[in-house]
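A.B. asks: Below is a structure I'd like to ask you about.
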Amino acid sequence: MEKKEQTNNNQQKDKERVQAVLQLLKKHAPLSVKQEKLCNSACIERFLKVKGENVKKAAKHLRNCLTWRDSLGIDHIMADEFSAELAEGVAYVSGHDDESRPVLIFRIKQDYQKFHSQKLFTRLLVFTLEVAIQTMAKNVEQFVILFDASFFRSASAFMNILLASLKIIADYYPGRLHKAFVIDPPSLFSYLWKGVKTFVDLAPSTMVVSSLDFEESLEFNDFTTYPRAASLRFNPSSIPSSGKIGSCSSSRFSFTVSHHFDSVKPWYLSLTDTSSAKVGPTTNTKVLGPAAISPLNARSYSFASPIDRAPRGNYNNNVGPIKKGFFPSTPLPQKTQEMADHSEIRHPRAMRPSFFQSPAMFFRKDGHVVSRADKCRESFQPFLKFYRRPYDEMTYRSKMRPPLGGLISIVSPHLRRRHMSVSQRF
């Protein structure tokens, strides 16, 4: 009973705070119909939560948000302004996760800011966020954002776009971001992010991941569906295997491996087709004679060591070359006794430290210690399918409700007349 009374009291206090914020907003200036629709109880509760349940700060923050929306003209943004971006898939809603949160993907190229102003990028960002909010269910309030940074070579250029996006979301969409993933950023981005993230409000919700860590995923291991990735990989099944190492020839050069111990180079390369030729002597002789030398098997001994200039190993007329070891100049010890089994040999153990190696051992918990990189990979795993899903403009446009969808979505299907023949008109 006490818990129920406490929850009822908390709900009553929350309602009183919401009403207090609305009174402060209306006291400052009257609200329009769209502003009253936007400032519902759920919206005001998000602003109160960000401002620590402070009514005055929440009202001021919400008033600034309404002023910003009016200055940007968010109520009049339509898809017709971003026809080129929608065709290329620069920013779109890919789908919804298991908890019905919309997943937004931003694939912005590095030269986008060269040809577009910062205000246009802000309008594109806000348009995508508004489309995602329209597709939310009643009990869903947050979304997930995937920033694809693979098109950027400059870490500072991508950092400017990322910080601008996170600041807009933190200031004018508080409590909306569930997680944000930065995928395949430039090499210097991690160093810049370490120095900047302490000043970013949404840094705890932002993670940096690499798509190369998920190439061996069982669900997306078919690279034939991605011609760009499949073309860069060697397919061994396309070339018949001979099962042995031998000569390899083509129309421009030939490559032959030598299996003899008297050769200085274990390979030979020529610019003619010599797949049928054999390099090195075919008989067991001590030294190559003048008759056995040809342009195909001739080699230069100018850079060889004195040991390599002479034939290696002892030769027997009946048996052939006998190889003693890799280093013939160094004598090996004679085997006087048989070695025992290595598993029975007991090596002396190293002495244990007298104290903990690090003060962090005091705070160590039992069990497996998971690093931050592993946590980022596990968090990104459910959203990998949205990142690799191909973009479809018509599917994305079908998620837009009027007036965001443009003039096409404003005209409802039941208002369009069917095609009538001349006989039906009269």
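The values are calculated or read from the model by the stated rules, or taken from the named source; none is laboratory data. Keep in mind that what you see is a predicted model, and the values were worked out from it rather than measured. All Cβ positions, even for glycine, are placed from backbone atoms using ideal geometry, and neighbour counts span all protein chains on display. Just so you know, the surface numbers come from the protein's heavy atoms only, side chains and all, with ligands and any DNA or RNA stripped out. Shrake-Rupley method; radii C 1.70, N 1.55, O 1.52, S 1.80 Å.
A.B. asks: Does ARG17 qualify as being assigned to a helix (DSSP H, G or I) and open to solvent by less than 40 Å² (accessible area, probe 1.4 Å)?
C.D. replies: Values: assigned to a helix (DSSP H, G or I): yes; open to solvent by less than 40 Å² (accessible area, probe 1.4 Å): no.
It is false that ARG17 is assigned to a helix (DSSP H, G or I) and open to solvent by less than 40 Å² (accessible area, probe 1.4 Å).
A.B. asks: Would you check which residues across segment 20-57 are surrounded by 13 or more Cβ atoms within 10 Å (Cβ to Cβ) and of a type in the set (Val, Ile, Thr) and list them?
C.D. replies: Listed by number, the residues that qualify are VAL21, ILE44, VAL50, VAL55.
A.B. asks: Can you work out which of the residues in segment 136-167 that are of a type in the set (Val, Ile, Thr) and surrounded by 17 or more Cβ atoms within 10 Å (Cβ to Cβ) is farthest from the chain's Cα centre (by Cα)?
C.D. replies: Of everything passing the filter in segment 136-167, ILE161 is farthest from the chain's Cα centre (by Cα).
A.B. asks: Considering only residues that are out of contact with any Ser or Thr (no Cβ under 7 Å at 6 or more places or on another chain) and buried (at least 17 other Cβ atoms within 10 Å of the Cβ), which ones fall in segment 179-191?
C.D. replies: First, pick out the residues of segment 179-191 that are out of contact with any Ser or Thr (no Cβ under 7 Å at 6 or more places or on another chain): 181, 185, 187-191.
PHE181, PRO185, PHE189, listed by residue number.
A.B. asks: Sticking with this one: Please enumerate the residues belonging to segment 373-426 that are part of a helix (DSSP H, G or I), out of contact with any Pro (no Cβ under 6 Å at 6 or more places or on another chain) and modelled with pLDDT under 50.
C.D. replies: Applying the first criterion (part of a helix (DSSP H, G or I)) to segment 373-426 yields 373-388, 393-398, 407-410, 413-415, 422-425.
Then drop every residue that is not out of contact with any Pro (no Cβ under 6 Å at 6 or more places or on another chain), which leaves 373-388, 393-398, 407-408, 413-415, 422-425.
If the condition is that a residue be part of a helix (DSSP H, G or I), out of contact with any Pro (no Cβ under 6 Å at 6 or more places or on another chain) and modelled with pLDDT under 50, then PRO413, HIS414, LEU415, VAL422, SER423, GLN424, ARG425 are the ones that fit.
A.B. asks: Tell me, which residue of segment 59-90 that is buried (at least 17 other Cβ atoms within 10 Å of the Cβ) and among the β-branched types (Val, Ile, Thr) is modelled with the highest pLDDT?
C.D. replies: Among those residues, the one meeting the criterion is VAL90.
A.B. asks: Going through segment 91-119 one residue at a time, which ones are open to solvent by 50 Å² or more (accessible area, probe 1.4 Å) and either farther than 16 Å from SER150 by Cβ or over 22 Å from the mean Cα position of the chain (by Cα) (or both)?
C.D. replies: Within segment 91-119, HIS96, ASP98, GLU99, SER100, GLN113, LYS114, PHE115, HIS116, SER117, GLN118, LYS119 qualify.
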